[in-house]
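Here's the structure we're looking at; comments come further down.
The values are calculated or read from the model by the stated rules, or taken from the named source; none is laboratory data. Given the structure is predicted, the values throughout are model-derived calculations rather than measurements. Virtual Cβ from ideal backbone geometry, glycine too; neighbours counted across all protein chains shown. Accessible surface is based on the protein model in full, side chains and every heavy atom, while ligands, DNA and RNA are left aside. Shrake-Rupley method; radii C 1.70, N 1.55, O 1.52, S 1.80 Å.
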Amino acid sequence: MTKNVGVLTAGGDTPGLNAALRGLGKSAMYKYDLQLIGFYDGFRGLLHDQSIIFTDSSLSGILTIGGTILGTSRDKPHKMEVGGKIQDMRDAMVETYHKHHLDVLVCMGGGGTQKNAYGLMEKGLNILTLPKTIDNDIANTDVTLGFDTALGIATEAIDRLHSTAHSHHRIILVEIMGHNAGWLTLGAGVAGGADVILIPEIPYDEENIANAILKRSRSGKHFSIVAISEGAVSKKAKKQEEKLLADKKNAKDKKEKEKAKKALSDFTTKQANRSHDLSRKLERLTGLESRMTILGYVQRGGTPSAHDRLLGSMIGGYAADLVTEGKYGGMVSIKGQEIKMVKLETVINKRKTVPTDHLWIDTARRVGTCLGDGK
């Protein structure tokens, strides 16, 4: 009997999503008796029943295309704006699920999508998820879809900045994505030969960075590349943040809590300019010209790498195996050379950050890279 499989892509787009769609769809059609139904624009498409029945031709030629042919959004099923109001629309999504006689809904996304998918699972739906994010911060999997491509893009950007930094004897800061995990910045920084790498897991001190740059200058190297994660913070800012969080947690009444929330919000807004602020400080501390480059969304675009095409094909195909076996309620995970399903409960509300004793950090220190902590 034919099984009906729903699929959607949610959260930020990443290279390799189409490879995963193709891996799931081709396996469904060629190996198993499965019908694949795609929902456009993430959970919003599931709400409004904006869907497509995939055929062999609709999956043809998408392996090398970046982004997602289904479109995406950051809508949260339990907090969606409908009719000008924020509402819990999960029951309406459940109706769409049953309208199509789905046996399972496959959700491709990052940490937020994993949590949102779990919320639908709590409503009684059969759920499978695939891990994708350039941040590589999803728990219980070694690697996420899109990370390798973004790593290559960020590394190439650092490579290209070397010549300008060298020619003009400048400090060049390059801000790299990754949210509150340093995988992308650390990997690209080591691979691109950055002189300073700043990640969220290791709060930095501006004086330590300036001293490392001046030491290079005195040795005849009159330029430096600083790879900084968008979530990196100074030691001073980290202490301020911890105090504000404690104030919010220990607020005695509603008025005090609102005051603490506003102070935390103002602090967070100010921190959005931390990379520019650091660039100016380093210029003052070192006497060298400093320039800033923000890679931004370019890291999420373009043709997926061979690794992400392979990874997408593998996790998509394995999801089809799980559907056929009737195994639901989990995320497809890569552990070493093994691919398996892990329970969704072990993934949600967790973030995989860089351990401070990780091999990549040890490698950076061995080759003389400054990590901003003075070690």
Scanning the range 191-211 residue by residue, the ones that are surrounded by 20 or more Cβ atoms within 10 Å (Cβ to Cβ) and assigned to a helix (DSSP H, G or I) total 3
Among the residues of the range 129-188, which ones are of a type in the set (A, V, I, L, M), touching a strand residue (DSSP E or B) at 6+ places or on another chain (Cβ under 9 Å) and without any contact (Cβ under 8 Å) to a residue 60 or more places away in the chain? ALA188
For the range 175-189, enumerate the residues that are aliphatic (A, V, I, L, M) and either part of a loop (DSSP other than H, G, I, E, B) or more than 15 Å from CYS370 (Cβ to Cβ) (or both). ILE176, MET177, ALA181, LEU184, ALA188
Select from the range 35-56 the residues that are open to solvent by less than 20 Å² (accessible area, probe 1.4 Å) and either assigned to a strand (DSSP E or B) or within 21 Å of ARG300 (Cα to Cα) (or both) and list them in ascending order. LEU36, ILE37, GLY38, PHE39, GLY42, PHE43
Residues that are of a type outside the set (A, V, I, L, M), more than 21 Å from LEU34 (Cβ to Cβ) and surrounded by fewer than 19 Cβ atoms within 10 Å (Cβ to Cβ): does the range 305-313 have at least one? yes
Would you please name the residue that is farthest from LEU105 (Cα to Cα), looking only at residues in the range 1-34 that are hydroxyl-bearing (Ser, Thr, Tyr) and open to solvent by 10 Å² or more (accessible area, probe 1.4 Å)? TYR30
Kindly evaluate ALA364 against the criterion of being open to solvent by less than 30 Å² (accessible area, probe 1.4 Å) and either out of contact with any helix residue (DSSP H, G or I) (no Cβ under 7 Å at 6 or more places or on another chain) or under 28 Å from ALA232 (Cβ atoms) (or both). yes
Restricting to the range 329-358, name every residue that is within 16 Å of LEU198 (Cα to Cα) and either more than 16 Å from the chain's Cα centre (by Cα) or open to solvent by 30 Å² or more (accessible area, probe 1.4 Å) (or both). THR353, PRO355, THR356, ASP357, HIS358
Got a sec? Which of SER219, SER224 is open to solvent by 30 Å² or more (accessible area, probe 1.4 Å) and among the hydroxyl-bearing types (Ser, Thr, Tyr)? SER219
Subset of the range 19-71, residues of a type in the set (Ser, Thr, Tyr) and under 25 Å from ASP321 (Cβ atoms), comes to SER27, TYR30, TYR32, SER51, THR55, SER57, SER58, SER60, THR64, THR68
